[in-house]
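The values are calculated or read from the model by the stated rules, or taken from the named source; none is laboratory data. Since this is a predicted model, take the numbers as computed values, not measurements. Note that each Cβ is placed from the backbone with ideal geometry, even for glycine, and that neighbours are counted across all protein chains shown. The accessibility values were calculated without ligands, DNA or RNA, using every heavy atom of the protein model including side chains. Shrake-Rupley method; radii C 1.70, N 1.55, O 1.52, S 1.80 Å.
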Amino acid sequence: MEHTAPAESRHALDLAGLRDPAITFWSVWDGPALAGFGALKHMTESHAEIKSMRTATSHLRRGVASKMLRHLIQEATARGYSRLSLETGSMEFFEAARRLYATFGFAPCPPFGNYRPDPNSVFMTLDIAGSASDDSFDPKPLRGLT
């Protein structure tokens, strides 16, 4: 993600960050190929953050991101969170992601948690109370992170 934003505006997790007990990480596989991944971060009893979400270039526009986002919303709902938030980039590179989040009902919000206002960041949130979907999705946890 180095090319997408200045260092002070990058909030992606490294491997050590993904091992944090507050993070749950899922991956989506297409046979032996990694199609995408997503991570959910516990913030408070009622608030979680989508901390990471990426689709492999080879799987863009094949529904991977929508399926992962649906799964993250379902998981957050099942865990009893009432609010799900995220930070993403404000640059053109992130336009498709912002459109996807808006399609799922995420709306712009002020910075949350430890974030501060940043012209390179867009903050979005979703009230997920009662928003569980019936669509099933069975991503596999990425092995080797525990």
Taking the range 9-31 and the residues there that are outside any strand (DSSP E or B) and under 15 Å from the mean Cα position of the chain (by Cα), the one that is modelled with the highest pLDDT would be Ala22
Inside the range 98-129, can you point out the residues that are open to solvent by 40 Å² or more (accessible area, probe 1.4 Å) and of a type in the set (Val, Ile, Thr)?
Thr103
Being more than 17 Å from Ala102 (Cβ to Cβ) and hydroxyl-bearing (Ser, Thr, Tyr): is that true of Ser46 here?
yes
For the structure I just gave you, tell me whether Gly113 is closer than 25 Å to Asp14 by Cβ and modelled with pLDDT under 90.
no
Within the set of pairs 6+ apart or on separate chains, which have a first residue in the range 109-120 that is more than 10 Å from Ser85 (Cα to Cα), a second that is surrounded by 14 or more Cβ atoms within 10 Å (Cβ to Cβ) and at pLDDT below 95, and C-beta atoms under 6 Å apart?
Asp118/Ser9; Asn120/Ala5; Asn120/Ser9; Asn120/Ser90
Those residues of the range 32-45 which are farther than 21 Å from Pro111 by Cβ, free of Cβ contacts under 8 Å to residues at least 60 places away in the same chain and under 13 Å from the mean Cα position of the chain (by Cα), in sequence order:
Gly36
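Would you mind finding the one in Phe94, Phe123, Phe112 that is in contact with a strand residue (DSSP E or B) (Cβ under 9 Å, 6 or more places away or on another chain) and either acidic (Asp, Glu) or within 20 Å of Asp20 (Cβ to Cβ) (or both)? Please lay out each step first, then the result.
Values: Phe94 fails: either acidic (Asp, Glu) or within 20 Å of Asp20 (Cβ to Cβ) (or both); Phe123 fails: either acidic (Asp, Glu) or within 20 Å of Asp20 (Cβ to Cβ) (or both).
Of the residues listed, the single one that is in contact with a strand residue (DSSP E or B) (Cβ under 9 Å, 6 or more places away or on another chain) and either acidic (Asp, Glu) or within 20 Å of Asp20 (Cβ to Cβ) (or both) is Phe112.
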Quick test of your reading of the structure: Ala107 fulfils all but one of (1) farther than 15 Å from Ser46 by Cα; (2) in contact with a Ser or Thr (Cβ under 6 Å, 6 or more places away or on another chain); (3) at pLDDT 95 or above. Name the failing condition by number.
(2)
Mind listing just one residue for me: the one in the range 46-97 that is part of a strand (DSSP E or B) and free of Cβ contacts under 8 Å to residues at least 24 places away in the same chain and, of those, least open to solvent (accessible area, probe 1.4 Å)?
Thr55
